[in-house]
Amino acid sequence: MGSNIIHVGAVGAGEVAKLCNNLISGTVAVAVSEAFRIGEAFGVDPRILTNVIAKSSGATWVMEHMHPVPGIVEGAASSRQYMPGFMTDLMAKDLGLAVDAGARSGCRSSWRPPPSSSTEWPPRMASAERTSLRSTSFSSRRATTPRSDSSGRGRVL
């Protein structure tokens, strides 16, 4: 940690840069995971899909270092039976702080905190849920085929 030191500006600017970086990193991690779930659902070999994406516009540090499919990246949590590293709770906290910072700054953003019915932001995942998620391998999760919802308004996964 700290191998790249960049002066960002006044006191607090570095924290803003960190929140912006983690907002990108967190959302990209979700996108990479979803992309590989879709590939898996259609029977695409994850190693081949990784090779295609790595040489295309979807290439990202997150896929290169934190690959969601076990066995693709040796040091990734997925390849280490989801042993704790950077915990989901910390990313949820950083994403919540980034969304809050955007709202407080007055900048227009499509990111919104959850409805006011939520009692806590960021939400905390119960310990049993975290254990359950860690113990479920990527490929053992059931792939779901998109279908129309009963109202005919759209597609549901």
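Of 118, 57, which residue is part of a loop (DSSP other than H, G, I, E, B), loosely packed, with under 11 Cβ neighbours inside 10 Å and modelled with pLDDT of 50 or more?
57
Report yes if some residue within region 86-106 is modelled with pLDDT under 70 and closer than 29 Å to residue 13 by Cα; otherwise report no.
Scanning region 86-106, I find at least one residue that is modelled with pLDDT under 70 and closer than 29 Å to residue 13 by Cα, so the answer is yes.
Just one of (1) within 30 Å of residue 100 (Cβ to Cβ); (2) free of Cβ contacts under 8 Å to residues at least 60 places away in the same chain trips up residue 37, so point out which.
Condition not satisfied by residue 37: (2).
To keep it simple, each residue is scored yes or no on (1) loosely packed, with under 14 Cβ neighbours inside 10 Å; (2) at pLDDT 90 or above; (3) outside any helix (DSSP H, G or I).
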{"site": "11", "(1), (2), (3)": "yes, yes, yes"}
{"site": "17", "(1), (2), (3)": "yes, yes, no"}
{"site": "51", "(1), (2), (3)": "yes, yes, no"}
{"site": "75", "(1), (2), (3)": "yes, no, yes"}
{"site": "79", "(1), (2), (3)": "no, no, no"}
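Do you know which of the residues in region 60-70 that are of a type in the set (A, V, I, L, M, F, W, C) and assigned to a helix (DSSP H, G or I) is surrounded by the fewest Cβ atoms within 10 Å (Cβ to Cβ)?
Result: 61.
Are any of the residues in region 21-44 over 13 Å from residue 69 (Cβ atoms), at pLDDT below 95, acidic (Asp, Glu) and assigned to a helix (DSSP H, G or I)?
no
Scanning for something under 17 Å from the mean Cα position of the chain (by Cα) and under 16 Å from residue 20 (Cα atoms), does region 73-88 turn up at least one residue?
No, every residue in region 73-88 fails to be under 17 Å from the mean Cα position of the chain (by Cα) and under 16 Å from residue 20 (Cα atoms).
The values are calculated or read from the model by the stated rules, or taken from the named source; none is laboratory data. Here the structure is a predicted model, which means the values were calculated and not measured. Counting neighbours? That spans all protein chains shown, and the Cβs are built from the backbone with ideal geometry, glycine included.
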